[in-house]
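A short worksheet on the structure shown next.
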Amino acid sequence: MSPVATPRSREGVDHDVVVAQRFAMMMVGIPALGTLLAVVDAQWHPPGLLEWTLFGVMFFITTIGIEGGFHRFFSHKCCQGRAAVVYGLGITGSMAAQGPLVFWVATHLMHHQFSDRAGDPHSPCLHQSRLRGISHAQVGWLFEGRRVDLKRYALHLIRRHDVMFIHRHYLLWVLLGLAIPAAIAGFVEDSFAAAGRGLLWGGMVRIFVLHHLTWAVNSLAHQWGSRPYSTPDNSRNLGILALPTAGGSWHNNHHAFPAMARNDHHWWQIDIVGYVFEGLAAVGLVTDVHRPAQRNRQRKQRV
């Protein structure tokens, strides 16, 4: 998908927009169809321990990749990481199948620049109907084919050879994320049918669920929840999604302090990604971990 405006054809069709829309249809539609197939198949072959284990492990890995990697590490530079961290987070984030790395980052930083104002690619607050706004922020925005200027929002990544390697091989990482659970299931049970169920539950269902949890932060966490910090947008902390989003739904905390590696500002706020970064720091794989100082938190808190 080219982020740069190109001339329209003689028929007035913007081919970049068409390509982007088709890409979105595949990204949303294929996991949805795979999930439907898994549900139908479950009527005869209910998922067992192997399928649920593959789903859980792959879900955890790719959630850390998308929330910890694409979001906090690559978008907001929450810490510095060794090559193993760069490639590990970049590849597992790509396995979440939410778009190539640089495109994802540029879109997210565009959201921060225009959060809940004209120009925000997925705000739910710019529509008269709340339902329409939520549906737009959840999935509708993907089909608009909006261009994002990669050089404007993600030049810090475009200049890096390691990041661009990950970005250019995006489809390879997505396919790898599907092949791994299929291969494991097929090997464990020595069956092609088991491999197919591994593909469905560790691949398609996992992608579908993670898609909609990630996008629920875009939609629901700009409509409902608490606002401990005064931010210029409508971001909110939605604790009910904290565990499945690995801490991503402490959204008001994040918008108040976007460059932080940790979103948990109280002991009771679960932030699995923050704990992962602390673990990586403890073994020396990441450095310069950004944590919001207490006085800065107090300064930004609403009176």
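Miscellaneous remarks
- Of all residues in the stretch 180-195, those that are surrounded by 17 or more Cβ atoms within 10 Å (Cβ to Cβ) and either closer than 11 Å to residue 95 by Cα or not β-branched (Val, Ile, Thr) (or both) total 7.
- Residue among 25, 58, 1 that is modelled with pLDDT of 95 or more and not basic (Lys, Arg): 58
- The sole residue among 233, 271 that is without any contact (Cβ under 8 Å) to a residue 60 or more places away in the chain and either crowded, with 22+ Cβ neighbours inside 10 Å or among the charged types (D, E, K, R) (or both) is 271.
- Test for residue 85: is it of a type in the set (A, V, I, L, M), buried (at least 22 other Cβ atoms within 10 Å of the Cβ) and over 22 Å from residue 185 (Cα atoms): no
- Condition met for residue 265 (more than 30 Å from residue 43 (Cβ to Cβ), at pLDDT below 95 and surrounded by 17 or more Cβ atoms within 10 Å (Cβ to Cβ)): yes
- Of the residues making up the stretch 32-58, just one is surrounded by 21 or more Cβ atoms within 10 Å (Cβ to Cβ) and of a type in the set (Phe, Trp, Tyr), namely 55.
- Count of the stretch 91-103 residues which are outside any loop (DSSP other than H, G, I, E, B) and at pLDDT 95 or above: 6
- Of the criteria (1) surrounded by 15 or more Cβ atoms within 10 Å (Cβ to Cβ); (2) assigned to a helix (DSSP H, G or I); (3) charged (D, E, K, R); (4) at pLDDT below 95, which one residue 206 fails: (4)
- Any pair with Cβ under 9 angstrom, 6 or more apart, that starts in the stretch 25-50 at a residue that is closer than 14 Å to residue 202 by Cα and ends at one that is among the aliphatic types (A, V, I, L, M) and surrounded by fewer than 18 Cβ atoms within 10 Å (Cβ to Cβ): 31/209; 35/209; 50/188
- Condition check for residue 140: of a type outside the set (A, V, I, L, M) and at positive phi: no
- Test: residue in the stretch 160-172 that is hydroxyl-bearing (Ser, Thr, Tyr) and at pLDDT 95 or above: yes
- Any hit, the stretch 117-135, residues being surrounded by fewer than 23 Cβ atoms within 10 Å (Cβ to Cβ), assigned to a helix (DSSP H, G or I) and basic (Lys, Arg): yes
- Selection from the stretch 140-192 of residues that are aliphatic (A, V, I, L, M) and free of Cβ contacts under 8 Å to residues at least 60 places away in the same chain: 154, 155, 158, 171, 172, 175, 178, 179, 182, 183
- Of 225, 203, 133, 198, all but one fail to be at positive phi, in contact with a Leu (Cβ under 8 Å, 6 or more places away or on another chain) and not β-branched (Val, Ile, Thr); the exception is 225.
- Residue 122 vs. criteria within 18 Å of the chain's Cα centre (by Cα), at pLDDT 95 or above and of a type outside the set (A, V, I, L, M, F, W, C): no
The values are calculated or read from the model by the stated rules, or taken from the named source; none is laboratory data. All figures in this text were calculated on a predicted structure; none of them were measured in a lab. Counting neighbours? That spans all protein chains shown, and the Cβs are built from the backbone with ideal geometry, glycine included.
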